[in-house]
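Working notes, structure below.
Every number in this text was worked out from the coordinates using simple rules, so none of it is lab data. Bear in mind that the values here come from a model prediction, so they are computed numbers and not experimental data. Here Cβ is always computed from backbone atoms with ideal geometry, including for glycine, and neighbour counts include all displayed protein chains.
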Amino acid sequence: MSAEVHTLQPELIALGVTREWLHDHKIVVFHITDQKQAAVDAWLGATKDALDGWPESDTPRILHHLERLGTPSQASYTNRKIAELHRSYFIVRKMRIATLLRSPTLVGLIRVMAQVGTLSMPNNANIIPSAFSDREKAIAWLLEV
């Protein structure tokens, strides 16, 4: 396993959302503990900012650590906003995206959903998604070539 190398302390993006950079800015980690609309907007806005600032020569490697999944209405809003983000960024640039969840059962479900969603998108070879219940495994996967 790869030991985490922090390059910056976690920063508060909004209530319920922090961001940290690992491995000399090779990985950005978003830790989400609240899925209220303001937190989701801040999280995905910070994700867009990270992608906009990522050097063109590097592959973005993003870890979304979802502490809670929220209510069905919150999940619906989150899914809609993530779909908007996918349409605007993920079809034009190759990237690796990991989702970290507590439940191994949900990890399996998210993996299947990510593969189905990726296959239905144009230029899907650019997106390499996966899901994990172990942070170290997620980070090691993100660092793979």
For K48, the aspartates and glutamates lying under 19 Å Cα to Cα, once residues fewer than eight places off in the same chain are dropped, come out as E11, E20, D34, E56, D58, E84
With a Förster distance of 25 angstrom and the Cβ-Cβ distance between N126 and K26, calculated FRET efficiency to the nearest 0.05 equals 0.90
Once both label points are put 7 Å beyond Cα along the C-beta direction, the S76-R93 separation in nm becomes 3.2
A chain fully extended from K137 to L12 at 0.36 nm per residue, minus the present Cα-Cα distance, gains in nm 42.6 nm
Simple SL model, points at 7 angstrom along Cα→Cβ for T59 and A38; separation in nm is 3.8
As straight-line cross-link partners of K137, the qualifying lysines (C-alpha separation under 24 Å, not fewer than 8 residues apart within one chain) are K26, K94
Karplus ³J(HN,Hα) for the range 11-22 (6.51 cos²θ - 1.76 cosθ + 1.60, θ = phi - 60°; Hz, whole; x = Gly/Pro) runs 10, 6, 8, 6, 4, x, 9, 10, 10, 9, 10, 10
